[in-house]
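Asker: Input: one structure, supplied below.
The values are calculated or read from the model by the stated rules, or taken from the named source; none is laboratory data. In this text, all values refer to a predicted model and were calculated from it rather than measured experimentally. Note that each Cβ is placed from the backbone with ideal geometry, even for glycine, and that neighbours are counted across all protein chains shown. The accessibility values were calculated without ligands, DNA or RNA, using every heavy atom of the protein model including side chains. Shrake-Rupley method; radii C 1.70, N 1.55, O 1.52, S 1.80 Å.
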Amino acid sequence: MKLFPFIISAATTVGLVTVLNSTLVLPAPLGKILNPQSGVWQNAESANENFNANLSFPNLKGNANVYFDERLVPHVFAENDEDIYFIQGYLHAKFRLFQMDLQTKAAEGRASEIAGSKAIQFDREQRRLGMRYAAENSLIEMEKEPKQKALFNAYTNGVNAYIEKLSPKNYPLEYKVLNIEPEKWTNIRTALLLKMMAKMLSSGTEADLEGTNAKNIFMPDELKAIYPQVNDSLVPMIPKGTVFEKPAIVPIKPANADSLYFNNQKLVAAKQAYKPNINNGSNNWVVGGSKTQSGSPILCNDPHLELSLPSIWYEMQLNTPTCNVYGATLPGSPFVIIGFNDSCAWGVTNAQRDVKDYYEIKFKDASKKEYWFNNQWQASKLRIEEIKVKGGVSVFDTIAYTIFGPVMFDASYNGMATNVSENRNLAIRWVAHDPSDEASTFYNLNRAKNYDDYLNAIKSFQCPGQNFIFASKTGDIALWQQAKFPARWTGQGLYIMPGQDSSFMWQGFIPQSENPHIKNPERGFIESANQRPVDSTYPYFIPGQYLIPRGRAIEHYLTTMNSITTKDMMELQNNYYNITAENIVPTLLKYVNENELGENEKKYLDYIKRWNFMANADSKGQTVYNVWWKNLQQFIWDDDLKKSKNNVAYPTSETTMELLIKDTALIFIDDINTPQKETIIQAVTTSFKTAATMLAKYEANGGLEWSKINKGSVYHLLKTNMPGFSRPNLTVGGNDDIINAIHDSHGPSWRMIVSLTQKTEAYGVYPGGQSGNPGSKYYDDYVNNWAEGKYFPLWMMNKAEATDKKVMATINFKKR
Amino acid sequence: MKFFTSILLTALLSFAACLYLPWWSIALVAFMVAALIPQKPGKAFLTAFIALFIFWFALCFFLSSANNNVLVHKLSILIIKMDNPYLLMTVTALIGALVAGFAGLSGSYLRRSK
């Protein structure tokens, strides 16, 4: 009788299959993903992968060809606009599907569907920020004009044409590892992607909550000194001395502003848990023909964003009878975002302007159904959000929409607040919620022939505020800071505002023509690097989270440079000059008491004494400066800021630098927690000794070279969930306040240089590769070049060059 | 002869089954082959084990080589927490081999219990 052994072995088999079909090791069954016929092994792309193909689709109107060069950059030639965006969608999906899917799901607050319960707070915050609401409003604008709608439809159809023919065996690796399926594309997902950019660039550029708490600690004149609107060291984009027009709108401060607003001492606990990195900044500059060797303008741009694999950017050339454009595209959106065509080039940096305000709402009761506004109870619109959770039950969140916007914080949600006693109902008024179609700006820029076309293209761009820089082959150079910016009375929107009537609402917007701009300045160059765009004579109150040092450093070089070549511009984009350090280090060295220092400490001091103020990868002076300066700022501010148990805005490094240089007896130097009064000598010396302890640790753990502390890294989109898929700890220098702004996993996400000579000469590089497949040799093949400051020539291909040896593969698209 | 026929048949049918069915269809294949081709239980286990071990290992090896081993390093760090391509191939092959082996054993016992 062999029944017993049969049962045992059959049970073992079933047991094995059950275990291997479970998600004990990874989110996906081990047996499923390791099956070499359909699992992750299938994503190992052949080193000799042949990308040639002949494809036909019923959606196409005509024929088209895609020529891949040896870097896998597609040069797309189509007979009409709709076809080109269909193919752009198809190629984005073919090479970057997971990224598009993940980013738009995250934008909408659906990350929990992928990551499970750990993403619930993220999703709640996205929904409370009204991300989907913003995208819905945007979609209405995008689809208003049938011609425009057809282009978005074409893009969507292109993405879906790729998804439809995708079998599970060919899913991108991440889908297999996470055990999820690709989701069909829709036009609203394109809108969501652009709103993701709006959040990244304009939802952290205000400090209303932190400012509200600061108001409780500091006196009004202290607030002005610690959080100045215009820093002394500011070098604005629009040169000082420029005369501005009389403002068309003069907003009126409410009569009760002092009592209800400026002198309101109420604290706030709420703290955004996923506030975007304030250093989502960028550099762009353009030098006119008078300053270049060729006599033609050179335009440069490097947007600083979170660096990831795959990169946020995908390089393309798009050619139709109406346009021939090359540059960085955003997978998830049609058009080229930063690039050049046969007539001109353009680039963007972030405006850093505050376009989001908080209003305190008084609800009638806990149901949030009614709120007090203009002397009566108004019905709020309740939006019930279902957050689906992978491997768990759905979470429901009720969000009240008021006349201002969604109530982001209330009794049920206060972000990552550590104390709940100061919970307040806060509605947000955010420009990103207003109906607008940012994508059409890029459609038109892609086709711009001259300055007027450029200006017409950017006029409709509302959010996030961007500094659009421009140069044309006819020799024009220009910059406009463009968005829909609220016209504020002085002080409006720095703190939480009363929301019980309309008196504190925005009274209008700054007319587009009054946005800061400059064209063909005599000095021959224009730059922007997230600083305040204008000096204090600009007639509007424009708060923001401005970043000053990079703009100063760029001006420092461009002012004196002449006969500029593209090579000079490459060097400038990779420059490591630390201008803040050069300003503050003399003060530090003057006041440090060397008699109190031990031998090892003196050695560290020596590094900084001999330092050339360059934040190179191998610089030890930069490391000493960085740690010392950080400790000194903490010595000065931490005791004061910790008077509040809530989140308080930290004064910027530049402001602290300016205050110390101006006044070495600054009252904040004193540590309020000690009975004696500390002087600058004590502050500088004590902070140096604290820094030296940390430096000794760094030295013991690998060395003091700046690259080892700065840790320039490019992580896979899923970060630590995908060890081995990232490129951590590159040998690079930089910092947020350095032109080459690499810091940790943040920095120049695309470096572009375009010389507008008769035949365009352009260069570019980004820290990634064209393929999103980690199993492709094109996954991260640009990273080393990027780290070394090297560039690739950007090839604006002619259709006649189809037989060029640079063409590695061809996909022919046909109407079926 | 039965020994080699079983190995070949199990490998071939596993390949065919996995084109359309989930990965664990290799268990059904190994079970059926062992139930149809009479072998001692030990040999039934062994033939199914060998069939899948060789087939899966070879396929991984082939795919990885064509890829210049770009992906397998990353995968091994992700899945077995160490940079060891051959160990990952072995682990993969073992998964197939063990499942098929026990299924083959069951098939053999079933035939004998009749």
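Rundown of residues vs (1) at the interface with chain B (Cβ under 7 Å from one of its Cβ atoms); (2) open to solvent by less than 40 Å² (accessible area, probe 1.4 Å); (3) modelled with pLDDT under 90, yes/no style:
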residue: A:Thr13; (1), (2), (3): yes, yes, yes
residue: A:Val19; (1), (2), (3): no, no, yes
residue: A:Leu24; (1), (2), (3): no, no, yes
residue: A:Lys32; (1), (2), (3): yes, no, no
residue: A:Gln37; (1), (2), (3): yes, yes, no
residue: A:Ala44; (1), (2), (3): yes, yes, no
residue: A:Phe51; (1), (2), (3): no, yes, no
residue: A:Leu60; (1), (2), (3): no, yes, no
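Asker: Considering only region A:461-473, I want to know if a residue exists there that is crowded, with 23+ Cβ neighbours inside 10 Å, out of contact with any Asp or Glu (no Cβ under 9 Å at 6 or more places or on another chain) and assigned to a loop (DSSP other than H, G, I, E, B).
Answerer: Yes, that holds for at least one residue.
Asker: Conditions: (1) more than 9 Å from chain B (Cβ to nearest Cβ); (2) open to solvent by less than 10 Å² (accessible area, probe 1.4 Å); (3) under 30 Å from A:Val389 (Cβ atoms). A:Pro74 meets all but one. Number of the miss?
Answerer: (3)
Asker: Restricting to region B:47-57, what's the tally of residues that are at the interface with chain A (Cβ under 9 Å from one of its Cβ atoms) and open to solvent by 50 Å² or more (accessible area, probe 1.4 Å)?
Answerer: Going through region B:47-57 one residue at a time, the tally reaches 1.
Asker: Considering only region A:693-727, state which residues are at pLDDT 95 or above and polar (S, T, N, Q).
Answerer: Within region A:693-727, A:Thr693, A:Ser707, A:Asn710, A:Ser713, A:Ser726 qualify.
Asker: Which condition does B:Asn67 not pass, out of (1) within 11 Å of chain A (Cβ to nearest Cβ); (2) surrounded by fewer than 16 Cβ atoms within 10 Å (Cβ to Cβ), if it passes all the others?
Answerer: (2)
Asker: Name the pairs: first residue in region A:87-114 and within 15 Å of A:Ala135 (Cα to Cα), second residue at pLDDT below 95 and open to solvent by 10 Å² or more (accessible area, probe 1.4 Å), Cβ to Cβ under 7 Å, at least 6 apart or on different chains?
Answerer: A:Lys105/A:Ile114
Asker: Out of the residues in region A:231-271 meeting the condition of being outside any loop (DSSP other than H, G, I, E, B) and of a type in the set (Ser, Thr, Tyr), tell me which one is least open to solvent (accessible area, probe 1.4 Å).
Answerer: Within region A:231-271, the match that is least open to solvent (accessible area, probe 1.4 Å) is A:Tyr261.
Asker: Turning to a different aspect of this structure: Can you tell me how many residues in region A:157-191 are of a type outside the set (A, V, I, L, M, F, W, C), part of a loop (DSSP other than H, G, I, E, B), open to solvent by less than 50 Å² (accessible area, probe 1.4 Å) and closer than 11 Å to A:Phe98 by Cα?
Answerer: Summing the residues that are of a type outside the set (A, V, I, L, M, F, W, C), part of a loop (DSSP other than H, G, I, E, B), open to solvent by less than 50 Å² (accessible area, probe 1.4 Å) and closer than 11 Å to A:Phe98 by Cα in region A:157-191 gives 3.
Asker: Which one of these is more than 21 Å from A:Lys169 (Cα to Cα), open to solvent by less than 10 Å² (accessible area, probe 1.4 Å) and under 10 Å from the mean Cα position of the chain (by Cα): B:Ala93, B:Ala30, B:Ala44?
Answerer: Being more than 21 Å from A:Lys169 (Cα to Cα), open to solvent by less than 10 Å² (accessible area, probe 1.4 Å) and under 10 Å from the mean Cα position of the chain (by Cα) holds for just one of B:Ala93, B:Ala30, B:Ala44, which is B:Ala30.
Asker: Still on this model: List pairs: first residue in region A:760-784 and more than 10 Å from chain B (Cβ to nearest Cβ), second residue open to solvent by 10 Å² or more (accessible area, probe 1.4 Å) and among the aliphatic types (A, V, I, L, M) anywhere in the structure, Cβ distance under 7 angstrom, at least six positions apart or on different chains.
Answerer: Matching pairs, first to second residue: A:Thr760/A:Met796; A:Ala762/A:Leu794; A:Tyr763/A:Met570; A:Tyr763/A:Leu794; A:Gly764/A:Leu794.
Asker: Further question: Can you tell me which residue is farthest from A:Phe725 (Cα to Cα) among those in region B:22-38 that are in a helix (DSSP H, G or I) and within 8 Å of chain A (Cβ to nearest Cβ)?
Answerer: Out of the qualifying residues, it is B:Phe31.
Asker: So, one more: Would a scan of region B:35-43 turn up a residue that is closer than 18 Å to B:Phe102 by Cα and of a type in the set (S, T, N, Q)?
Answerer: yes
Let's see how each residue does on (1) facing another protein chain (nearest Cβ under 7 Å); (2) surrounded by fewer than 21 Cβ atoms within 10 Å (Cβ to Cβ); (3) closer than 27 Å to A:Thr23 by Cβ:
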| position | (1), (2), (3) |
| --- | --- |
| B:Ala16 | no, yes, no |
| B:Lys40 | no, yes, no |
| B:Leu59 | yes, yes, yes |
| B:Leu87 | no, yes, yes |
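Conditions (1) open to solvent by 50 Å² or more (accessible area, probe 1.4 Å); (2) of a type in the set (Phe, Trp, Tyr); (3) under 27 Å from the mean Cα position of the chain (by Cα), marked per residue:
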{"position": "A:Lys602", "(1), (2), (3)": "yes, no, no"}
{"position": "A:Val624", "(1), (2), (3)": "no, no, no"}
{"position": "A:Trp629", "(1), (2), (3)": "no, yes, yes"}
{"position": "A:Asp638", "(1), (2), (3)": "no, no, no"}
{"position": "A:Thr652", "(1), (2), (3)": "yes, no, yes"}
{"position": "A:Thr655", "(1), (2), (3)": "no, no, yes"}
{"position": "A:Ile661", "(1), (2), (3)": "yes, no, no"}
{"position": "A:Ala665", "(1), (2), (3)": "yes, no, no"}
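Asker: Go through region A:327-372 residue by residue and tally those that are touching a residue at least 40 places away in the same chain (Cβ under 8 Å) and not in a strand (DSSP E or B).
Answerer: 18
Asker: Right, something else. Here are some residues: A:Phe409, A:Phe396. Which one is over 28 Å from the mean Cα position of the chain (by Cα) and outside any loop (DSSP other than H, G, I, E, B)?
Answerer: When all the criteria are applied, what remains is A:Phe396.
Asker: Exactly one of these conditions fails for B:Leu9: (1) at the interface with another protein chain (Cβ under 8 Å from one of its Cβ atoms); (2) over 24 Å from A:Ser22 (Cβ atoms). Give me its number.
Answerer: So the condition that B:Leu9 fails would be (1).
Conditions (1) in a helix (DSSP H, G or I); (2) free of Cβ contacts under 8 Å to residues at least 24 places away in the same chain, marked per residue:
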{"site": "A:Pro5", "(1), (2)": "yes, yes"}
{"site": "A:Ala11", "(1), (2)": "yes, yes"}
{"site": "A:Val14", "(1), (2)": "yes, yes"}
{"site": "A:Val19", "(1), (2)": "yes, yes"}
{"site": "A:Ala28", "(1), (2)": "no, no"}
{"site": "A:Lys32", "(1), (2)": "yes, no"}
{"site": "A:Gln37", "(1), (2)": "no, no"}
{"site": "A:Ser46", "(1), (2)": "no, yes"}
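Asker: What do you reckon, is B:Ser65 assigned to a helix (DSSP H, G or I) and more than 20 Å from A:Leu20 (Cβ to Cβ)?
Answerer: The answer is yes for B:Ser65.
Asker: Also: Do you know which residues across region A:195-230 are in contact (Cβ under 8 Å) with a residue 12 or more places away in the chain, open to solvent by 20 Å² or more (accessible area, probe 1.4 Å) and part of a loop (DSSP other than H, G, I, E, B)?
Answerer: A:Ala207, A:Tyr227, A:Pro228, A:Gln229, A:Val230
Asker: Give region B:96-114 a look and list any residue that's under 19 Å from the mean Cα position of the chain (by Cα) and either more than 7 Å from every other protein chain (Cβ to nearest Cβ) or surrounded by fewer than 22 Cβ atoms within 10 Å (Cβ to Cβ) (or both), or say none.
Answerer: B:Gly96, B:Ala97, B:Leu98, B:Ala100, B:Gly101, B:Gly104, B:Gly107, B:Ser108
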